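What follows is a short report on a single structure.
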């Protein structure tokens with residue numbers, strides 16, 4: 001297939017829906033919710049939509065801090081990073097992302113772990 005992963009998942013509406021669903025699940029998990037206390041969730045969701053869109057081959061509009069700076073000092077442990085990644089993959093699968101898209105997201109999560117986990 002020639003279409004970007006971004007186009008294949010449904011573009012901006014699908015990425016926005018995925019991010020909304022992801023944060024509903026993450027904030028509902030007592031193991032993860034504390035990481036998001038006192039954060040502006042609307043702002044965070046906007047950054048996540050832009051980042052996920054770019055990662056999937058959509059518009060390159062992410063202008064936030066790099067992953068290492070954004071997560072420095074949060075004390076994120078590997079188990080919690082893995083949970084968020086699993087939730088993201090589940091949300092994307094639930095929205096119809098195919099195996100190739102999910103494999104690419106898994107690879108990006110693996111490559112990004114060192115920048116997020118302390």
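The values are calculated or read from the model by the stated rules, or taken from the named source; none is laboratory data. Small disclaimer: the values here were computed from a predicted structure and weren't measured. Virtual Cβ from ideal backbone geometry, glycine too; neighbours counted across all protein chains shown.
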For this session: State whether one or more residues within segment 96-115 are without any contact (Cβ under 8 Å) to a residue 24 or more places away in the chain, assigned to a helix (DSSP H, G or I) and buried (at least 16 other Cβ atoms within 10 Å of the Cβ).
Result: yes
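Mind checking whether some residue in segment 42-58 is outside any helix (DSSP H, G or I) and either more than 19 Å from residue 6 (Cα to Cα) or in contact with a strand residue (DSSP E or B) (Cβ under 6 Å, 6 or more places away or on another chain) (or both)? Outline the logic, then answer.
In the first step, residues of segment 42-58 are kept if they are outside any helix (DSSP H, G or I); the result is 56-58.
Among the residues that remain, those that are also either more than 19 Å from residue 6 (Cα to Cα) or in contact with a strand residue (DSSP E or B) (Cβ under 6 Å, 6 or more places away or on another chain) (or both) are: none.
No: segment 42-58 contains no residue that is outside any helix (DSSP H, G or I) and either more than 19 Å from residue 6 (Cα to Cα) or in contact with a strand residue (DSSP E or B) (Cβ under 6 Å, 6 or more places away or on another chain) (or both).
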Problem set entry | Extreme residue, modelled with the highest pLDDT, among residues of segment 23-46 that are surrounded by 15 or more Cβ atoms within 10 Å (Cβ to Cβ) and over 17 Å from residue 76 (Cα atoms) | 25
For this session: Could you run through segment 55-70 and say how many residues are free of Cβ contacts under 8 Å to residues at least 24 places away in the same chain and either more than 24 Å from residue 103 (Cα to Cα) or surrounded by 15 or more Cβ atoms within 10 Å (Cβ to Cβ) (or both)?
Result: 6
Exercise. Restricting to segment 71-95, what's the tally of residues that are assigned to a helix (DSSP H, G or I) and surrounded by 14 or more Cβ atoms within 10 Å (Cβ to Cβ)?
Worked result: 13
